[in-house]
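Have a look at the structure below before the remarks.
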Amino acid sequence: MADKKKVLVIGGGFSGLTAAVETAEAGSDVVIVEKTAFLGGRVAQLNKYFPKLCPPNCGLEINFKRIKNNADITIYTLAEVESISGQEGNFNVTVKLHPRFVNDKCTACNACNEVCPVEMPNEFNYGLDKTKAAYINHNQTFPFTYVIDGKHCKGKACAKCVEVCKYDAIDLDMKPETVSLNVAAIVLATGWESYDISKLDNLGGGRIKNVITNMQMERLASQNGPTGGKILRPSDGKEPKNIAFVQCAGSRDENHLPYCSYICCMASLKQATYLREQYPDSKVSIFYIDMRTPGRYEQFYWKVKDDPGVTLTKGKVAKITEDTKTGDVELVVEDVLANNRITEKYDMVVLAAGMVPSTKDSKIPGEISYTHEGFVVPAFLKKGMFAVGSLKSPVDVARSVQDATGVAIKTIQSSRR
Amino acid sequence: MEKKYGVYLCKGCGIGEAVDLEKLKTRAALKGKVPADIIKEHQVLCSPEGLELIKNDIKEGTNTLIIGACSPRVKTDEFDFPGAITERVNLREFVAWTAEPMSDDAQSIANDYMVMGIIKAQKGDLPEPSILPDLSTALLVVGGGAAGLSAALEAANAGYQVVLVEKEAELGGWGAKLYKETPRSHPFEKLEEPKIFDKIKEVEAHQNIKVFKSSVIEKTDGQPGLLDVTIGKNGSSETVKVGAVIMATGWKPYDASKLEHLGYGKPNVITNVQMEEMAKKGKITRPSDGKEAKKVAFIQCAGSRDANHLPYCSSFCCATSLKQAKYVREKSDDAIAMIFYKDIRTPGQTELFYKSMQNDPGVLLTKAEVTGISDAPNGNLYVEADNTLLGEKIKVEADLVVLATGIVPSTRAPQEYLDGLTEAGKKGDEAKKVYLESTPKPEFILNLAYKQGPEIPTLENAYGFADSGFICFQYETRRTGIYAAGCVKQPMTMADAAEDAAGAALKAIQCVEHVAKGIAVHPRAWDITFPDPLMIKCTSCKRCTEECPFSAIEEDEKGTPFYKLNRCRRCGTCMGACPERIVSFKDFSVDMVGTMIKSIEVDEDEFRIIVLACENDAYPALDSAAIKRIKLNPKVRIIPVRCLGSMNLVWVSDGFSRGIDGMMLLGCKYGENYQCHFIKGSELANYRFSKVKETLDKLQLESDRCQLVQVAINEYDKLPEMINDFVERVEEIGPNPFKEF
């Protein structure tokens, strides 16, 4: 085999992590470039996986352990690729490193967080609560090093964190840096964002307090979320006992996302189990166009369907309004099989918001072709560049893992030529 | 290696304020039997200056380090000292962050942990890998369909030799029988020419691939890196040596003869497989009279999503029927296609194809419960359906009906046969004999010459699919070095199968590369230690050969167990199973943990509880509780283990005979949706614990003093309370009467 050349993975979510770790364990050097301060992406925000209802942090922990035990993986967080040139076997990439303001001496003792006077919306929890400007996103995170949010931090005028840090770990003068990499292959794994529900005006997205997204629901149900895992509705902290799920919120809709987002049916069924487990007297209604639970997921659908507390209705939700006095939410639905119109009130409504490839709004530098919806077109990618997971089409974690593992062999083909 | 010890205590992160380090030093030196002057402290051990202190000692010959600082899960780069035995003691998370600072409890906990750390380092040794000779890096691909061809090509293009075995006379599988493929690329509207023929050509011409057609695997013997595969072809046999296997043996269509209620058996009712054959030949005609079909009805989920047939969705049939509807429309302008579905399932961008078909006025789609197919005049058929979008109870005439039949994995028949055999075996030898004589033996796939059976054991309730039990790790099977891909694993489309096959090929490559270096594969893909039994004491009880989740231990003709080391995943289940306690790893052994347990200080008037925690999930959960500064019960002492499967019962008597009051095991959820990374570790530990009663009875102790608790990594905030509950129960029972001895 020729010399070992590096492989670059852009994105440190589950696809990127998988591509990186699998490539490294097959004997190649890998560099991960992650935009945020921590690895794990969307998966780190999930409470449980469907259909096993097991905690995603379990798999993340194993992958983080694989990284810790592998000298061939280099990680850059708060990093963005600025340019890509060259070709397979010899790509030149420049990466901009944004300052973390915290160096490797950080022991994650939490002293900076305690003294930080700045509160900012917690993005990890989709704005459902606040976090300090000096923070970690959750307590099983990786790298286990704090970060200071440059936008919200008051800087040297405050510097309380600098004073309190016993380990000389905070450097508010930290400047952006640029690193240049030469790599043989590039994996694009920048993942997805939730569809912006404020565009769903008829569904009250972003306007009605007790209309939340499926990803916000994951955070509400998570032990490390804004409510410590207790599902409470945002407007008044009331326990929601009567909840509706609106499927295809944005998806399968020419005016929004023409494609199916793959995961939302299973996600809503799964979230129905969160509610039913936490509040045995709760009622869950799911309104769907087609129930899409491919393969053995069907069994999970049957299990949830058998729960008398869960009602499934084939129907399109036409309108959602708010009762401003009570905070309750009213739904108008066309029940297509019964051919009638249902109007019903709920404590809270979850919009099964679709997946939007991150490349819809932030393109990766280099000659990459995208569809109208922002998906990467794999056939037009340069040799030696590979897209994985939800960058090509909406997929679940299982399929992303298959795809990312498969891409690892392609990077080896590129790097050992 | 002659050990020269260095013990280091960090004062940072609150440790210095929680514990009297002078007392700790004295205690550690005394009980750990190390000179007091080798115990050093530093304000911040992970700082460059702190690390310098350790590195200078290493330069002076120190090679065995005990570092009392933070959790071994953090600062891993800092405390990485290649060539030295490094034992990390978790004084930060388990003492400073969870115990009352400067209390007797905190001091006692820190003392115990430091002493245990020193003992662990004393009992351990620097591992060296075991590398077996004459290893092969070639890969065997079983199955030459879409998945198998892709796996073979990907591996061959990565520079590996491949042996491809196909049962049929030609390569290509179902993919070669298709007329067209569903659209795979933007704008997802045009049917595509099958790409499989290019792949077949490429495979047959590839210098790294050797193809065996009309061939089956007669026997697979050995272990990863050293697998002797006997390939049978036309009555003759040939043996090839490979390092790892990709099982891509695909699927069979569901037996349509079981679908009489949907009209199968009537001349003009065909399956989607027959439809492909017909479209490929030319016109779409009716079998009864050869007339061109003008009104074609497609019945979705024919067998699939049906508790009486296949209780799963076959994943590709919706897109396939839409594609076949397009055949109908393209081959004849005035023909119409009607699709009766439960739900249309075209996930992801395949939705765009569905949309384009919805726009065709000649394609009618309705949700329906098809209640029957009956005869109409002229050889036509009525499709009777209820609850449709067109109304209740409708009857639509068609001149051809296509049943969208689903898939059955090729692993299902052998699995069912073997399950039946196991059941019969439980009833005795006679029942087994009757079973073998009366049950037709299906085609086996791998014919493994393994103690635990000839095929990969499939998951419970997976209907024979050779699926992984893990969402995060899609290629896990219970036979190391054998990876399933494509529809044998999960129902999937051909495009997905090609991606999946590439992944399986990568895992196979990792496996051969790792065994060449003597490193384990997932989930301990860095581990060079291995089980090293003291065979002279083996009594051939066979518990290890039965309990090993990966069938890594065989028996010779005298019944003496021996390891096929490259199958081993290093979970230590054999170490836990062995009643003679003869299995050891260089850094983990029964004696090591037993001695650690025995070193725990037990006061007459104090309760002391041992917690054995799975290092994969329970231990990180304990760390996380500490990060939240949730107080841990000061009566417990936590010892991490590789997997609860490594829990040896002797540890119970080690503990109780020394006055320990209770023992708690923290492991992963088990059962159908098990979370154990080694399949059955916690379940086996629980089974062993249920046997513990005997041991306790002998000691005249209550068995409630032992409990296994299943805990997930995200349950960290409940975990301290779970521990408290257990401690309270033990306190109710009262102190261990052995304390006074």
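The values are calculated or read from the model by the stated rules, or taken from the named source; none is laboratory data. Every value quoted in this text rests on a predicted model; they were computed, and no experiment measured them. With ideal geometry, Cβ positions are generated from the backbone for all residues, glycine too; neighbour counts draw on all protein chains shown.
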**Report entry** Residue ID - farthest from A:GLN140 (Cα to Cα), chosen from residues in the range A:219-230 that are away from chain B (no Cβ under 12 Å) and surrounded by 22 or more Cβ atoms within 10 Å (Cβ to Cβ)
**Finding:** A:LEU220
Report task. For the range B:1-43, enumerate the residues that are farther than 30 Å from B:GLU128 by Cα and assigned to a loop (DSSP other than H, G, I, E, B). Result -> B:LYS11, B:GLY12, B:CYS13, B:GLY14, B:VAL19, B:ASP20, B:GLN43
Query raised in the report: Quick one: would you say A:PHE14 is surrounded by 21 or more Cβ atoms within 10 Å (Cβ to Cβ), at the interface with chain B (Cβ under 8 Å from one of its Cβ atoms) and under 24 Å from A:PHE144 (Cα atoms)?
Result: yes
Report task. Kindly list the number of the only condition in (1) in contact (Cβ under 8 Å) with a residue 40 or more places away in the chain; (2) part of a loop (DSSP other than H, G, I, E, B) that fails for B:PRO287. Result -> (1)
**Report entry** Residue under evaluation A:GLY12, criteria (1) in contact with a Pro (Cβ under 9 Å, 6 or more places away or on another chain); (2) closer than 30 Å to A:THR293 by Cα, criterion not met
**Finding:** (1)
Report summary line: When (1) surrounded by fewer than 20 Cβ atoms within 10 Å (Cβ to Cβ); (2) closer than 29 Å to B:GLN490 by Cα; (3) more than 14 Å from every other protein chain (Cβ to nearest Cβ) are applied to B:ALA307, the one that fails is (3)
Requested in this report: Determine if the range A:263-275 includes at least one residue that is buried (at least 24 other Cβ atoms within 10 Å of the Cβ), among the hydroxyl-bearing types (Ser, Thr, Tyr) and part of a helix (DSSP H, G or I).
Outcome: yes
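Got a sec? Which strands (runs of 3 or more DSSP E) wholly within the range A:328-417 have at least 1 residues that are within 12 Å of chain B (Cβ to nearest Cβ) and within 29 Å of B:ALA485 (Cα to Cα)?
On the way: elements: A:329-335, A:340-346, A:348-353, A:355-357, A:385-387.
So the answer is A:355-357, A:385-387.
Return yes or no: is A:LEU312 out of contact with any Lys or Arg (no Cβ under 7 Å at 6 or more places or on another chain) and either modelled with pLDDT of 95 or more or in a strand (DSSP E or B) (or both)?
Numbers: out of contact with any Lys or Arg (no Cβ under 7 Å at 6 or more places or on another chain): no; either modelled with pLDDT of 95 or more or in a strand (DSSP E or B) (or both): yes.
No.
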Query raised in the report: Based on what the data block shows, is A:VAL93 part of a strand (DSSP E or B), out of contact with any Phe, Trp or Tyr (no Cβ under 8 Å at 6 or more places or on another chain), crowded, with 16+ Cβ neighbours inside 10 Å and not assigned by TED's automatic domain parsing to the domain that holds A:PRO226?
Result: yes
Query raised in the report: Which number in (1) buried (at least 19 other Cβ atoms within 10 Å of the Cβ); (2) under 30 Å from A:ASN63 (Cα atoms); (3) out of contact with any Phe, Trp or Tyr (no Cβ under 6 Å at 6 or more places or on another chain) marks the one condition that B:THR64 misses?
Result: (3)
Query raised in the report: Can B:GLY148 be described as more than 13 Å from chain A (Cβ to nearest Cβ), under 20 Å from B:LYS241 (Cβ atoms) and at pLDDT 95 or above?
Result: yes
Query raised in the report: Would the range B:622-644 turn up any residue that is touching a His at 6+ places or on another chain (Cβ under 6 Å) and either among the hydroxyl-bearing types (Ser, Thr, Tyr) or surrounded by 22 or more Cβ atoms within 10 Å (Cβ to Cβ) (or both)?
Result: no
Query raised in the report: Name the residues in the range B:462-516 that are more than 8 Å from every other protein chain (Cβ to nearest Cβ) and of a type in the set (Val, Ile, Thr), would you?
Result: B:THR477, B:THR480, B:ILE482, B:VAL488, B:THR493, B:VAL512, B:VAL515
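Would it be correct to say that A:ALA157 is in the same structural domain as A:LEU381 (by TED's automatic domain parsing), hydrophobic (A, V, I, L, M, F, W, C) and over 19 Å from the mean Cα position of the chain (by Cα)? Give the derivation first.
On the way: in the same structural domain as A:LEU381 (by TED's automatic domain parsing): no; hydrophobic (A, V, I, L, M, F, W, C): yes; over 19 Å from the mean Cα position of the chain (by Cα): yes.
The answer is no for A:ALA157.
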Query raised in the report: Mind checking which residues of the range A:1-30 are under 21 Å from the mean Cα position of the chain (by Cα) and in a strand (DSSP E or B)?
Result: A:LEU8, A:VAL9, A:ILE10
Report summary line: Requiring at least 2 residues that are more than 14 Å from chain A (Cβ to nearest Cβ) and over 32 Å from the mean Cα position of the chain (by Cα), the helices (runs of 4 or more DSSP H) wholly within the range B:601-713 are B:650-657, B:692-698
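For every residue, the table says whether it meets (1) under 22 Å from A:CYS265 (Cβ atoms); (2) in the same structural domain as A:ARG276 (by TED's automatic domain parsing); (3) among the basic types (Lys, Arg); (4) without any contact (Cβ under 8 Å) to a residue 40 or more places away in the chain.
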residue: A:LYS303; (1), (2), (3), (4): yes, yes, yes, yes
residue: A:THR326; (1), (2), (3), (4): no, yes, no, yes
residue: A:LEU337; (1), (2), (3), (4): yes, yes, no, yes
residue: A:GLU344; (1), (2), (3), (4): yes, yes, no, no
residue: A:GLY389; (1), (2), (3), (4): yes, no, no, no
residue: A:THR405; (1), (2), (3), (4): no, no, no, no
residue: A:ALA408; (1), (2), (3), (4): no, no, no, no
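For every residue, the table says whether it meets (1) of a type outside the set (A, V, I, L, M); (2) within 14 Å of chain A (Cβ to nearest Cβ).
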| site | (1), (2) |
| --- | --- |
| B:ALA155 | no, yes |
| B:VAL163 | no, no |
| B:LYS167 | yes, no |
| B:GLY172 | yes, no |
| B:ALA176 | no, no |
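What residue, among those in the range A:54-80 that are in a strand (DSSP E or B) and touching a Leu at 6+ places or on another chain (Cβ under 8 Å), is farthest from the other protein chains (Cβ to nearest Cβ)? Write out each step before concluding.
Going through the range A:54-80, the residues in a strand (DSSP E or B) turn out to be A:73-76, A:79-80.
Next cut, touching a Leu at 6+ places or on another chain (Cβ under 8 Å) only: A:75-76, A:79.
On the way: A:ILE75: 11, A:TYR76: 15, A:ALA79: 18 Å.
Filtering the range A:54-80 for residues that are in a strand (DSSP E or B) and touching a Leu at 6+ places or on another chain (Cβ under 8 Å), the one farthest from the other protein chains (Cβ to nearest Cβ) comes out as A:ALA79.
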